[in-house]
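What follows is one structure encoded as structure tokens, with my remarks underneath.
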Amino acid sequence: MGGHQEPSHTIPREFQLDLDEIENDNGTVRCEMPALVQHKLDEIFEPVLIPEPKIRAVSPHFDDMHSTTASTINFVISQVASGDIYTSIQALGQIDEVLRQEDKAEAMSGHIDQFLIATFRQLCLVYNTHMADERLDKDDIVRLYSCIIGNMISLFQMESLAREASTGVLKDLMHGLITLMLDCRVEDLEEGQQVVRSVNLLVIKVLEKSDQTNILSALLLLLQDSLLATASSPKFSELVMKFYLQCLWRMIPLLPEAINNINLDRILLDIHNFMRVLPKEKLKQHKSELPMRTLKTLLHTLCKLKGPMIMDHLSMIENKHESELESHLLRVMKHSMDGASSKSDKETEKGASRTESC
């Protein structure tokens with residue numbers, strides 16, 4: 001630092017502080033207020049002439065049109081989750097208009113998860129807030145439920161759109177629907193039974209039209225959660241578990257037609273994770289044998305459809321040789337082969353006896 005001098009900077013006078021004046025300030029300095037602009041406030045209350053809208057020519061650029069449509073859909077979907085019941089109903093009505101017209105419904109492509117998330121949030125709002133609000137007319141709640149269910153039925157009738165729903169979103173949606181069905185307050189509504197029947201129809205559409213890999217994964221995760229649940233009442237947990245089991249049993253007959261389109265590696269990974277969290281010994285302790293029986297039936301059906309090739313679909317499982325799933329599949333395959341061999345031997349014996357009798 002020795003010998004080092006700070007460079008001197010000359011500050012223009014107009015930017016310098018008058019320190020002497022500040023230090024000698026005895027409160028006598030007077031500040032002059034700036035003159036205010038006088039506006040004619042009466043003009044505010046005069047009627048305003050709104051210009052007539054001019055029809056804008058359609059843009060020849062598809063990207064521009066698509067961007068505008070996407071922005072509109074994003075805004076309307078955001079209104080679906082509104083805390084104001086009437087705003088949500090209005091937004092649902094606008095989406096319903098789009099879904100009911102085949103030439104416009106495809107505009108919803110790419111927005112399905114976003115729409116279902118907003119719908120699930122609204123279901124949570126109804127359950128946690130609106131149903132307990134004495135100021136709200138219960139007819140408006142029924143109307144909101146009808147709009148939500150009607151929109152989703154329209155959506156899940158269109159397979160191309162329904163298949164865009166991801167596993168996580170389907171998991172939340174199914175949980176929201178079972179919560180609605182088991183809400184005893186819905187039964188007290190004037191059209192409560194009709195709402196529950198509509199939800200039943202919607203659930204069937206979701207199971208049939210969704211991507212089969214995604215809905216199977218969602219149901220396995222939901223079943224696992226319901227078996228591990230401790231927060232809710234035992235009776236409620238039992239009803240929820242039975243609902244998910246019924247959904248899985250309804251899915252099993254659909255497997256022969258869907259087997260070639262299912263990501264079997266991912267389904268087997270989900271089953272492996274299920275068996276790791278809830279091993280056979282733990283499932284046997286459950287008072288109902290239905291979860292164990294459902295899992296065995298699902299695996300047996302998959303083995304029957306894929307045969308020995310099913311062992312090639314364990315690629316996503318780490319340390320698969322230590323997996324309870326691999327051991328189970330090997331037992332099922334051995335049993336199937338032994339059964340086929342025994343059947344073949346019996347048919348051979350029958351054929352030989354017929355030959356000898358001839």
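Condition test on Asp225, is it modelled with pLDDT of 95 or more and open to solvent by 50 Å² or more (accessible area, probe 1.4 Å)? No: the conditions fail for Asp225.
For the stretch 144-187, a residue qualifies if it is charged (D, E, K, R) and under 18 Å from Ala107 (Cα atoms), and the qualifying residues are Glu159, Arg163, Glu164.
Would you mind stating whether Pro256 is at pLDDT 90 or above and either under 25 Å from Thr230 (Cα atoms) or small (Gly, Ala, Ser) (or both)? No.
You will find that of Lys306, Lys343, the residue that is outside any loop (DSSP other than H, G, I, E, B), farther than 30 Å from Leu239 by Cβ and modelled with pLDDT under 90 is Lys343 and no other. Of the residues in the stretch 229-249, not one is exposed (fewer than 13 other Cβ atoms within 10 Å of the Cβ) and either in contact (Cβ under 8 Å) with a residue 40 or more places away in the chain or within 22 Å of Leu207 (Cα to Cα) (or both). Close contacts from the stretch 135-157, counting a first residue that is more than 16 Å from Ser88 (Cβ to Cβ) and a second that is of a type in the set (Lys, Arg) and surrounded by 21 or more Cβ atoms within 10 Å (Cβ to Cβ), with Cβ to Cβ under 8 Å and a gap of 6+ residues or different chains, come to none at all. Considered as a group, the residues in the stretch 125-134 that are open to solvent by 50 Å² or more (accessible area, probe 1.4 Å) and in a loop (DSSP other than H, G, I, E, B) include one that is modelled with the highest pLDDT, and that residue is Thr129.
Counting only helices (runs of 4 or more DSSP H) that sit wholly inside the stretch 163-262, those with at least 3 residues that are within 19 Å of Leu299 (Cβ to Cβ) are 212-228, 234-251, 255-258. Taking the stretch 280-300 as the range and being within 21 Å of His335 (Cα to Cα) and either touching a residue at least 60 places away in the same chain (Cβ under 8 Å) or open to solvent by less than 70 Å² (accessible area, probe 1.4 Å) (or both) as the test, the residues that pass are Lys280, Met292, Thr294, Leu295, Thr297, Leu298, Leu299. Residues that are in a helix (DSSP H, G or I) and of a type in the set (Lys, Arg) are absent from the stretch 285-292.
Table: residues versus (1) of a type in the set (A, V, I, L, M, F, W, C); (2) open to solvent by 40 Å² or more (accessible area, probe 1.4 Å); (3) touching a helix residue (DSSP H, G or I) at 6+ places or on another chain (Cβ under 9 Å); (4) within 23 Å of Tyr86 (Cβ to Cβ).
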| residue | (1), (2), (3), (4) |
| --- | --- |
| Leu123 | yes, no, yes, yes |
| Ser146 | no, yes, yes, yes |
| Glu159 | no, yes, yes, no |
| Lys171 | no, yes, yes, no |
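Against the numbered list (1) more than 18 Å from Val195 (Cα to Cα); (2) surrounded by fewer than 18 Cβ atoms within 10 Å (Cβ to Cβ), Val98 comes up short only at (2). A Cβ distance below 6 Å, combined with a sequence gap of six or more or placement on separate chains, defines the contacts here; from the stretch 257-278, residues that are within 19 Å of Pro291 (Cβ to Cβ) and aromatic (Phe, Trp, Tyr) reach residues that are open to solvent by less than 10 Å² (accessible area, probe 1.4 Å) and in a helix (DSSP H, G or I) in the pairs Phe274/Leu220.
The values are calculated or read from the model by the stated rules, or taken from the named source; none is laboratory data. As the structure is a computational prediction, the values presented were derived from the model and not from experiment. Virtual Cβ from ideal backbone geometry, glycine too; neighbours counted across all protein chains shown. Heavy atoms of the whole protein, side chains included, go into the accessibility calculation; ligands, DNA and RNA do not. Shrake-Rupley method; radii C 1.70, N 1.55, O 1.52, S 1.80 Å.
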